[in-house]
Amino acid sequence: MRIADFALERFFARWEFAVEHLLCASDVEAYPMAELVSLADDETRALWDGLRLGYTESTGHPLLRAEIASLYETIEPDEVLTFAGAEEAIFCLMNVVTGTGDQVIVTSPAYQSLYEVAHANGADVTLHELREAHAWAIDLDALRAQVTPATRLIVVNLPHNPTGMLADRATFDSLVEIAEGAGAHLLVDEVYRGLEIDEGDRLPTGADSMPRGISLGVMSKSFAMPGLRIGWIATHDRDLLDALARFKDYTTICSSAPSEILAIIGLRSRDRVLGRSRSIVAANLERVDVFFEEWSDRFSWVRPRGGSIGYPRLTVPGIRIDDWAAALVQAEGVLLLPGSQLGDPGNHFRLGFGRADLPVALDRLEAFARRTLR
Ligand SMILES: Cc1ncc(COP(=O)(O)O)c(C=O)c1O
């Protein structure tokens with residue numbers, strides 16, 4: 001397979017560990033390992049202390065699959081397959097579901113692998129553009145018009161990276177109806193599930209919503225444990241799960257043994273783990289709101305409804321965000337992600353508000369803005 005570079009990951013490969021403040025990170029401040037281990041119950045403590053570093057069950061540790069299944073209303077443990085992060089799940093899924101002659105509809109901007117892998121497989125990718133002027137909302141009429149007899153898969157990401165968009169319930173129900181009407185799979189990338197700003201806005205999961213609904217989950221974002229590299233797919237479509245398991249034999253075969261146990265501990269303590277993430281995000285978002293209110297004549301800001309990132313726009317005529325962000329990182333060690341890295345050449349940039357250093361990073365950004373934008 002020939003596949004285009006993953007622009008965002010190449011950008012992070014250059015910058016992530018070279019800057020002081022990552023004000024565009026997509027995750028939440030990483031959970032401390034020692035604290036996580038201290039949350040183990042008797043069973044998981046015994047698993048951790050007695051762990052042998054052998055291969056693991058290729059479908060995932062049975063207790064891990066049970067914990068993951070309990071995040072859903074109708075999913076059984078054997079309707080869950082674990083992967084190395086959400087990224088491996090996307091790669092396997094796109095390889096199994098899409099190919100030449102298939103159409104895949106993907107909301108855009110998007111995490112690149114959500115469309116690039118299908119494209120590399122020869123599928124016809126149709127981007128469903130989200131627009132700031134519509135508060136990044138999914139346009140149901142436009143989506144209906146994009147569906148063709150060749151539509152195999154519709155991909156949405158809720159809450160959305162990078163805009164923080166979260167569909168309302170009626171829109172979500174219509175999405176399900178459109179996918180069902182098309183006889184297509186619906187992939188809902190739910191890596192930010194649990195970080196809805198208003199918990200009342202939490203949507204049903206993709207896997208619970210229709211027989212061909214697919215939920216993509218991971219420990220990386222809401223659960224603040226990207227270093228575990230534990231992700232999963234949940235679906236009632238057992239033929240799809242079988243095909244995914246067979247494909248995974250060519251990628252990682254099975255998950256990391258220590259990570260599985262740590263993920264079980266994390267999921268059993270989900271209230272505490274998610275509570276921590278939610279409070280970091282809520283406090284940071286308040287600060288971000290204050291900043292954008294004060295600078296509303298220089299930046300536009302659609303307040304995210306979920307997740308730990310938003311997608312503001314620099315509105316000063318004649319200043320390109322790519323140039324401004326490059327000068328900012330040079331002067332202040334604060335990294336933003338220009339939209340160009342997401343295939344969106346306008347003046348938007350991704351701002352992450354899940355990290356503990358956000359107040360310092362935002363102060364530095366503001367000092368730089370005072371020097372350069374006033
Ligand atoms: C929307 C979305 N999906 C999937 C992923 C991949 O997650 P992971 O890095 O845990 O594999 C990311 C990572 O940034 C993401 O933002």
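Of note:
- Filtered residue count, region 309-328, keeping only those that are part of a loop (DSSP other than H, G, I, E, B) and more than 23 Å from the chain's Cα centre (by Cα): 6
- Whichever residue in region 103-115 is within 15 Å of the ligand (Cβ to nearest atom) and out of contact with any Asp or Glu (no Cβ under 9 Å at 6 or more places or on another chain) and, among such residues, is least open to solvent (accessible area, probe 1.4 Å): 106
- Subset of region 268-284 [in contact with a helix residue (DSSP H, G or I) (Cβ under 9 Å, 6 or more places away or on another chain) and either within 15 Å of the ligand (Cβ to nearest atom) or part of a loop (DSSP other than H, G, I, E, B) (or both)]: 269
- Looking only at region 23-53, residues that are within 16 Å of the ligand (Cβ to nearest atom), more than 20 Å from residue 272 (Cα to Cα) and among the aliphatic types (A, V, I, L, M) come to 2 in all.
- Residue in region 226-240 that is within 14 Å of residue 67 (Cβ to Cβ) and in a helix (DSSP H, G or I) present: yes
- Residue selected from region 354-366 under the condition of a type in the set (A, V, I, L, M, F, W, C) and open to solvent by less than 30 Å² (accessible area, probe 1.4 Å), by the criterion nearest to residue 290 (Cα to Cα): 362
- Inter-residue pairs, beta-carbon under 6 Å, first under 17 Å from residue 372 (Cβ atoms) and in region 293-306, second surrounded by fewer than 20 Cβ atoms within 10 Å (Cβ to Cβ), 6+ apart: 298/316; 298/373; 299/292
- Counting only residues that are open to solvent by 10 Å² or more (accessible area, probe 1.4 Å) and under 26 Å from residue 282 (Cβ atoms), region 300-332 holds 7 of them.
- Residue in region 226-238 that is more than 16 Å from the ligand (Cβ to nearest atom), open to solvent by less than 10 Å² (accessible area, probe 1.4 Å) and among the aliphatic types (A, V, I, L, M) present: no
- A Cβ distance below 7 Å, combined with a sequence gap of six or more or placement on separate chains, defines the contacts here; from region 146-167, residues that are closer than 19 Å to residue 116 by Cβ reach residues that are buried (at least 24 other Cβ atoms within 10 Å of the Cβ) and basic (Lys, Arg) in the pairs 162/350.
- Qualifying positions in region 116-141 - buried (at least 19 other Cβ atoms within 10 Å of the Cβ), more than 16 Å from the ligand (Cβ to nearest atom) and in contact (Cβ under 8 Å) with a residue 60 or more places away in the chain: 121
- Residue in region 266-299 that is farthest from residue 202 (Cα to Cα), counting only those that are open to solvent by 70 Å² or more (accessible area, probe 1.4 Å) and either of a type in the set (D, E, K, R) or modelled with pLDDT under 95 (or both): 297
The values are calculated or read from the model by the stated rules, or taken from the named source; none is laboratory data. This structure is a prediction, so every number in the text was calculated from the model and none was measured. Don't worry about glycine lacking a Cβ; one is built from the backbone with ideal geometry, like all the others, and counts go over all protein chains shown. Heavy atoms of the whole protein, side chains included, go into the accessibility calculation; ligands, DNA and RNA do not. Shrake-Rupley method; radii C 1.70, N 1.55, O 1.52, S 1.80 Å.
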